[in-house]
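These notes concern the structure reproduced below.
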Amino acid sequence: MQKMYFVLSIFVPALLLAGCAANVSAQSREIKTVDSGKSDIASKDSPTDCPVTVPQNPQFTPTSPYSNPGFEGQFWYGSHSLWTALPKDGAWFGLPHNPEGYTQKLFWWREGYFWNKEPEPDLTVTGERLDASAPPLIVSKATNAYADDISSAMLVGVDFPTLGCWRITGKYADAELSFVIWVAP
């Protein structure tokens, strides 16, 4: 009898913990929509009603030293006036989460931009959620960036307040570039 109590004292708490872990995992995939308050389960794959940006045909290729995006699974998107690197599948997932939202760094390039000549570029980035109402995108002030693999670039940090389908627009000098991205858990 003592053996049975011992086994049950281990087995029952293990079942309870397993059930709690499954519940937490399911909750972490929920996204709340502001307009209706309902919960949706988000997936890593973008839904058909989210027109994510895919590689152009023909694909944009900037001049040297920007031979490739330098990031696996990404492609250049834009024109010589303004471009960025985007994921080929159109989704950002597993982004760090903080009280403001899901964080991502966005690099932007322009032919003739040099990080040391314009340390605080006049780059404006905005965003809007396309598939539901959401608080506004939080965007940091633009700064410069330089590394051998990316050369001279402009950089902003963004916080997506919710998961979902987002259109991001960057404006620099006379150029404007927009793309659609699926932000998933």
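Nothing in this text is a laboratory measurement; each read-out follows from the coordinates by a stated rule. Keep in mind that what you see is a predicted model, and the values were worked out from it rather than measured. Every residue, glycine among them, receives a Cβ derived from its backbone with ideal geometry; neighbour counts consider all protein chains shown.
Among residues of the stretch 94-120 that are among the polar types (S, T, N, Q), those with a Cβ under 9 angstrom from a residue that is part of a loop (DSSP other than H, G, I, E, B), sequence gap 6+ or separate chain, pair up as THR103/LEU95; THR103/PRO96; GLN104/LEU95; GLN104/PRO96. Among the residues of the stretch 102-124, those identified as assigned to a strand (DSSP E or B) and surrounded by 20 or more Cβ atoms within 10 Å (Cβ to Cβ) are TYR102, LEU106, TRP108, TRP109, LEU123. In the set (1) among the hydrophobic types (A, V, I, L, M, F, W, C); (2) outside any strand (DSSP E or B); (3) over 23 Å from CYS165 (Cα atoms), the condition left unmet by ALA145 is number (2).
Does at least one position in the stretch 129-138 carry a residue that is hydroxyl-bearing (Ser, Thr, Tyr) and without any contact (Cβ under 8 Å) to a residue 24 or more places away in the chain?
If we filter the stretch 129-138 for residues that are hydroxyl-bearing (Ser, Thr, Tyr), which is where we start, we get 133.
After this cut, where a residue has to be without any contact (Cβ under 8 Å) to a residue 24 or more places away in the chain as well, the list is none.
No: zero hits.
Just wondering, is there one or more residues in the stretch 43-50 that are of a type in the set (Lys, Arg), on the phi < 0 side of the Ramachandran plot and part of a loop (DSSP other than H, G, I, E, B)?
Of the residues in the stretch 43-50, the ones of a type in the set (Lys, Arg) are 44.
Then drop every residue that is not on the phi < 0 side of the Ramachandran plot, which leaves 44.
Checking the rest, the ones that are also part of a loop (DSSP other than H, G, I, E, B) come to 44.
Yes, the stretch 43-50 has at least one match.
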